[in-house]
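First the structure, in the form of C-alpha cells, and then the observations on it.
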Amino acid sequence: MLKPEGQQTGIFKQRHAGPVRVENHGIVGDQHGDTRVHGGPEKAVHQYAAQNYERLAQAFLHSAPELMAGSLGENISAFGLSELNVHIGDVFQVGSAVLQVSQPRSPCWKINHRFDAEHMSMFVAKERITGWYYRVIQPGFIEAGDRIELLERHTERFSIDQFWQVQLSHRPVIDDLLALAATAGLAEDWKRRLGERAKWLQKRPDTSLESKLDL
C-alpha cells in the first residue's frame, strides 16, 4: 500500500533467496497494484540498473537510505547492464529462462509517493534511467547470482537510452520514429503509438520556416 492515500501498489519488493519461477505473465508470486498498466506478457519482468541508485541518491539526499536494489519495484537488479548498452529486442538467458527486452519502463507518480520525493519520477524520466521490461520467450527459473547472457541483438541503433531520446524529442525526425516503431521485439503498443505520432507529424504543416512581420 502507498501512504497516505492507500492506493494499491506492487512497488515494494523483497530480496528473494533461492530460485523463482518465471512464466509468460511474470514471476510467480509477484503482485501488481494496477494491472491496467503493470504486468502482462509485454511487462512480465522489470530490470533496473543497480548503478542508477547512486545518481538517485545524489539527487535526492533525504531518500538516499531507502534507495537500494528493488526499491523502484524492479524484479531484477544488476550492475553492468544499463539503458546505454541494453537494446530494444535484446534476448537474454537468465538462469533457465529466456527473456526479450520489449520496452522501457515509463516512470509514474508512485515513485514519488514511495520516497516522498515530489520530482523523482520526473528526474528518472529526464535522465533516461528508467529500466526496462522483458517478455518471456522461454519460461524457467531464475535466482540471485545467475549470469545474464546476451543471446541475440536485433538492433545496434536503439538502446533504451536512444529510445527515450527519440520519444522525448519535442520535434522528432519522422524517419527516426518509423525506424524505432519497426524495431524487432518492440512491444506492439509502442509500435502503434510511435507510428501514430509519425503520421500526425507527417500531416502537420511545417511552420519551421514561416515568420510573421509585426508592425
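Each reported figure results from applying straightforward, stated rules to the coordinates on display, with no laboratory input. Keep in mind the model is a prediction, meaning the values are calculated, not measured. Positions of Cβ are backbone-derived with ideal geometry, glycine not excepted, and every protein chain shown enters the neighbour counts.
Of note:
- Here the residues ASP161, ASP90, ranked from fewest to most Cβ neighbours within 10 Å of their Cβ, fall in the order ASP161, ASP90.
- Protection proxy ranking for 64-72, 101-109, using the average of other Cβ atoms within 10 Å per residue and placing the highest first: 101-109, 64-72.
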